[in-house]
Every structure is written in structure tokens, then in C-alpha cells.
1. For the range B:79-114, which positions are within 14 Å of B:Leu11 (Cα to Cα) and either assigned to a loop (DSSP other than H, G, I, E, B) or in contact with a Lys or Arg (Cβ under 7 Å, 6 or more places away or on another chain) (or both)?
2. Filter the range B:31-63 down to residues that are more than 14 Å from chain A (Cβ to nearest Cβ), touching a Ser or Thr at 6+ places or on another chain (Cβ under 7 Å) and in contact (Cβ under 8 Å) with a residue 12 or more places away in the chain and give me whichever is surrounded by the most Cβ atoms within 10 Å (Cβ to Cβ).
3. Looking at (1) away from chain B (no Cβ under 14 Å); (2) farther than 23 Å from A:Ser83 by Cβ, which one does A:Cys13 not meet, given that it meets all the others?
4. If we keep just the residues of the range B:8-21 that are assigned to a strand (DSSP E or B) and surrounded by fewer than 17 Cβ atoms within 10 Å (Cβ to Cβ), which is nearest to the other protein chains (Cβ to nearest Cβ)?
5. Could you tell me how many of the residues in the range B:69-99 are more than 15 Å from the chain's Cα centre (by Cα) and surrounded by fewer than 16 Cβ atoms within 10 Å (Cβ to Cβ)?
6. Quick one: count up the residues across the range B:82-99 that are at the interface with chain A (Cβ under 10 Å from one of its Cβ atoms), within 22 Å of B:Thr65 (Cα to Cα) and aliphatic (A, V, I, L, M).
7. Could you list, in sequence order, the residues of the range A:51-71 that are at the interface with another protein chain (Cβ under 10 Å from one of its Cβ atoms) and touching a residue at least 12 places away in the same chain (Cβ under 8 Å)?
8. Could you tell me how many of the residues in the range A:20-36 are more than 11 Å from chain B (Cβ to nearest Cβ) and touching an Asp or Glu at 6+ places or on another chain (Cβ under 9 Å)?
Amino acid sequence: GAVVSQHPSRVICKSGTSVKIECRSLDFQATTMFWYRQFPKKSLMLMATSNEGSKATYEQGVEKDKFLINHASLTLSTLTVTSAHPEDSSFYICSARDQASGNYNEQFFGPGTRLTVL
Amino acid sequence: GENVEQHPSTLSVQEGDSAVIKCTYSDSASNYFPWYKQELGKRPQLIIDIRSNVGEKKDQRIAVTLNKTAKHFSLHITETQPEDSAVYFCAAEGQWQAGTALIFGKGTTLSVSS
């Protein structure tokens, strides 16, 4: 299946700093990528849909200015957590669809980024 | 918008037994229903999926059934093995404010003891 990578896998930062997370589709082009957030022992909650060449569409309750998303190419989307605070500590997972595949609905997930804000 | 309910939240079975996890969805327009397995700290892995034009799909020990009228779908794992222990999420493709995307159930922690 299609492969999605995420970098970094783990990051620890001080409160007030910004953290950038990269999501790449390695062997396919993804016009749409998705960013999810997962708290311990909880489900995945959609944060935003990232569209190549246009602004991201955010889910209700997700602050656009705090979680900046850029999808500058067909293989890369970035999520920047600005002025991070301890409550932003979470597992962030991206996913992408390979629209050229036979199963156009299937989403391929990245390995996730564990963010810890001190 | 779409809402997905998943039961049970935890499930413990003996090796070799069957495990069944059930989900219901609210949006009759949803037409894609995947099941994901997630091990601790890892990415969700698709194990099986079904579309609304199909009632049942099987892949070796795993099967999924879909009842469109009742808006529920179930995951069946037969001859469970300890390596099946993980958290399983059902999902339905539906409408979020952020667009068409997967809406996940709350997950079922499956424990298979040998």
C-alpha cells in the first residue's frame, strides 16, 4: 500500500515555542491530506483537511491561528503548532488518500508525532 | 453531521474464540466503512473495509458485515490469537465541518489471552 511518513516522531518543547510537523506521501501524490489529534486511550479527532495549493479547512473548535497548516506540494503537508502550551501535548497523526489507486476512499496514516510541551 | 458509536469499549477473549465489535452510524449518506487496528504508539492500520453496496466482506479470519437499513456494521475476528490484541476503531466516511473525512468510533481494546 501507499506509504505516508511523518517527522519528527517525537518532540519535546518548552511552553511558548512553535513546533513544525511534516507529513509526506512517499510514493503517491495526495491532493488532500488530513490532520488528526489523538489523546491517550482516545479516538482520532479530525483537526483539519489540508488541500494542495489552497487554504486548509478546519474543524469546529480548532484554532486556525494556533494550528497552521500548509500544503505546498502534492507530497507534503505541514502542521505548525504555534506558541505551544502543555494542553497541546498529544499524538498528532496525518493521513492521505491516493486518489490514483483503485480504492479512492482508503486513507493511509502516518506513524504519528508525539508532542510533549513542558 | 455523522456520528459513530462503537461497542464494546473493552473485550477480553480466550485464544481461539471469536470476537465481535459493533458500530452504528447516523448519516445514511455514508458509503465507506473501514476498520483500523492500532497498537500502542503506532499508526492505525487498515484491516478491512466495506462499501455501502456490499453486505459482507471477508479476508481470512476477519469479516465485516454491513446493514444499511439499520445503519450498523460489525467486525468479526475468528480464531483469535494473542497478536490480535490491540485497539480497533471503526470509521465511517462522513461530513465534518472540515470536509468529507473519516469519523471514528471511540475504539475497542481487544485482549486475547493464551
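The values are calculated or read from the model by the stated rules, or taken from the named source; none is laboratory data. In this text, all values refer to a predicted model and were calculated from it rather than measured experimentally. Every residue, glycine as well, gets a Cβ built from its backbone with ideal geometry; the counts of neighbours run over all protein chains shown.
1. Residues satisfying the conditions are B:Thr80, B:Gln81, B:Ser85, B:Ala86, B:Tyr88, B:Lys106, B:Gly107.
2. B:Arg61
3. A:Cys13 satisfies every listed condition except (2).
4. Once the filter is applied, the top-ranked residue is B:Thr10.
5. 8
6. Residues flagged as at the interface with chain A (Cβ under 10 Å from one of its Cβ atoms), within 22 Å of B:Thr65 (Cα to Cα) and aliphatic (A, V, I, L, M) within the range B:82-99 amount to 2.
7. Once the filter is applied, which keeps residues that are at the interface with another protein chain (Cβ under 10 Å from one of its Cβ atoms) and touching a residue at least 12 places away in the same chain (Cβ under 8 Å), the range A:51-71 yields A:Asn51, A:Ala56, A:Glu59, A:Val62.
8. Residues flagged as more than 11 Å from chain B (Cβ to nearest Cβ) and touching an Asp or Glu at 6+ places or on another chain (Cβ under 9 Å) within the range A:20-36 amount to 6.
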